[in-house]
Amino acid sequence: MANTPASNTATSSHALPSYLNPEHLGAWGIYLQQVDRVTPYLGSLSRWVETLKRPKRALIVDVPIELDNGTMAHFEGYRVQHNTSRGPGKGGVRFHQDVTLSEVMALSAWMSIKNAAVNLPFGGAKGGIRVDPKTLSRGELERLTRRYTSEIGIIIGPTKDIPAPDVNTNEQIMAWMMDTYSMNEGATASGVVTGKPVALGGSLGRREATGRGVYTVGQEAAQHIGLDIGQARIAVQGFGNVGGIAAKLFAQAGATVVAVQDHGGTVYKAAGLDVPALLHHVSAHGSVQGFEDGDTLPDAQFWGVDCDILIPAALEQQITAANAHLIQARMVIEGANGPTTPEADDILHERGILVVPDVIANAGGVTVSYFEWVQDFSSFFWSEDEINARLVRIMREAFAAIWQVADEHRVSLRTATFIVACTRILQARELRGLYP
Ligand code: NAD
């Protein structure tokens, strides 16, 4: 529950539009700093670097819906296409009360980097609605999703920009998005979103893919620093799709999950939490709060927990200059997007803590989204084993290439990932040339 940005919910038409609020430049500012850090390594391609510092296209939409009580509510929605030099835009849709345009811009940019880092033929995009979906009924959520999809329908499409799930969005929401877009087009367009239910052209293995990717790069990185996963103690912030699955896979490999924090609180057990039981508790009660087979910790103590691997898998800007010095882990694997501020990154680096950055660590989800998109286009579906094997191969190869660049240039894995990704994006930019 730590470090939630100040809430400024746009549930009424009186709230200041977030794109006018200068306090909400955090994540985008961090991204710009990351690009600046990598520019000296881009050689002659650096003359194109400005292209990375602004989104190609950003759409802000009003999403009005009728609530169950008969009144009207307006929500602010966004879809940002950061870069499409290497292919159509690709990236998730987030429903959260703290979503802002600048956050979505940053998330879309990190998608450009991530897709290029694992060499998928996609650009980067992201979307969101500034709403706390927990306050909506299922019917309200469906109306919100459908109206939002219709509003952004002018820029998305299977060959233009393909949304997917992110925080607080899931397979059902993707099914409603696919249906709405298809209704407006007059033809079923299963390739317009990924992360759909398997019965609707979704891919086997997609739900677990991001967590599996986190686990896979964790294994690779652990080997490089001589850490035995079977003996490792793990702390996880965020116990949803990414954190929950990653914790499960690490536990299955023999690791001890000692602490888990989500929006409801923090649970701790030095001898190891029973991950399947905790997952069951969360699906029954909505959060880890009240889990009896462990101790409750004050949220701030989570960061200082004695562990080998820390996995932030909730929201951005959770590891900051204020808590980075408390971290005991030998390595941080960023399941979430943007969980570490640049100042915290430097502190971790100085303290010799390896950071496996988001742009490679959580790329498993978009990789299987790519498989889903390919399967939808060919209407031919692969087995789960085939999908997992291809996922693991792509993640391992990408990680090895990035490790080598980090070694060559003596830079962090984050800078190395940006070097690989920005080079690919700007090569495509240069080859395509400027239109007109
Ligand atoms: P989710 O909605 O399934 O889970 C989010 C988790 O974060 C929940 O356990 C929630 O309780 C917790 N959380 C929310 N606010 C918190 C707070 N203030 N303090 C502590 N915990 C908090 O979302 P997800 O899909 O698992 O996504 C988590 C992160 O991973 C996000 O940064 C997302 O962008 C990133 N990500 C997700 C995917 C994917 O495929 N789902 C892919 C790449 C990156």
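Annotations
- Region 284-304: number of residues that are open to solvent by less than 50 Å² (accessible area, probe 1.4 Å) and part of a loop (DSSP other than H, G, I, E, B): 5
- The residue of region 192-211 that is farthest from ILE152 (Cα to Cα), among those that are open to solvent by 60 Å² or more (accessible area, probe 1.4 Å) and modelled with pLDDT of 95 or more, is LEU204.
- Test result for ALA344, modelled with pLDDT under 95, of a type in the set (A, V, I, L, M, F, W, C) and over 24 Å from THR159 (Cβ atoms): yes
- Residue in region 205-223 that is at negative phi and not in a helix (DSSP H, G or I) present: no
- Number of residues in region 112-140 that are open to solvent by 10 Å² or more (accessible area, probe 1.4 Å), more than 30 Å from ASN69 (Cβ to Cβ) and in a helix (DSSP H, G or I) equals 0.
- Any chance ALA189 is open to solvent by 10 Å² or more (accessible area, probe 1.4 Å) and at pLDDT 95 or above: yes
- When region 36-81 is filtered for residues that are open to solvent by less than 60 Å² (accessible area, probe 1.4 Å), among the charged types (D, E, K, R) and either in a strand (DSSP E or B) or in contact with a Lys or Arg (Cβ under 8 Å, 6 or more places away or on another chain) (or both), the ones remaining, listed by number, are GLU76, ARG79.
- Those residues of region 158-184 which are within 22 Å of the chain's Cα centre (by Cα) and part of a helix (DSSP H, G or I), in sequence order: GLU171, GLN172, ILE173, MET174, ALA175, TRP176, MET177, MET178
- From the options ILE155, ILE234, ILE245, residue that is at pLDDT 95 or above and part of a helix (DSSP H, G or I): ILE245
Table: residues versus (1) buried (at least 16 other Cβ atoms within 10 Å of the Cβ); (2) more than 24 Å from GLU220 (Cα to Cα); (3) modelled with pLDDT of 95 or more; (4) in contact with a Phe, Trp or Tyr (Cβ under 9 Å, 6 or more places away or on another chain).
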| residue | (1), (2), (3), (4) |
| --- | --- |
| GLY238 | yes, no, yes, no |
| ALA259 | yes, no, yes, yes |
| LYS269 | yes, yes, yes, no |
| LEU279 | yes, yes, yes, yes |
| ASP306 | no, no, yes, no |
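- Among the residues here, PRO163 qualifies as open to solvent by less than 30 Å² (accessible area, probe 1.4 Å) and in the same structural domain as GLY92 (by TED's automatic domain parsing).
- Listed by position, the helices (runs of 4 or more DSSP H) enclosed by region 311-422 that each have at least 3 residues that are open to solvent by less than 10 Å² (accessible area, probe 1.4 Å) and within 16 Å of the ligand (Cβ to nearest atom) are 358-361, 364-378, 384-409.
- Failed criterion for GLY264 (all others in (1) within 12 Å of the ligand (Cβ to nearest atom); (2) crowded, with 24+ Cβ neighbours inside 10 Å hold): (2)
The values are calculated or read from the model by the stated rules, or taken from the named source; none is laboratory data. Nothing here was measured: the structure is a model prediction, and the numbers come from that model. Heads up, the Cβs are rebuilt from the backbone with ideal geometry, glycines too, and the neighbour counts pull from every protein chain shown. To get the accessible areas, we keep the full protein, side chains included, count just its heavy atoms, and leave off ligands, DNA and RNA. Shrake-Rupley method; radii C 1.70, N 1.55, O 1.52, S 1.80 Å.
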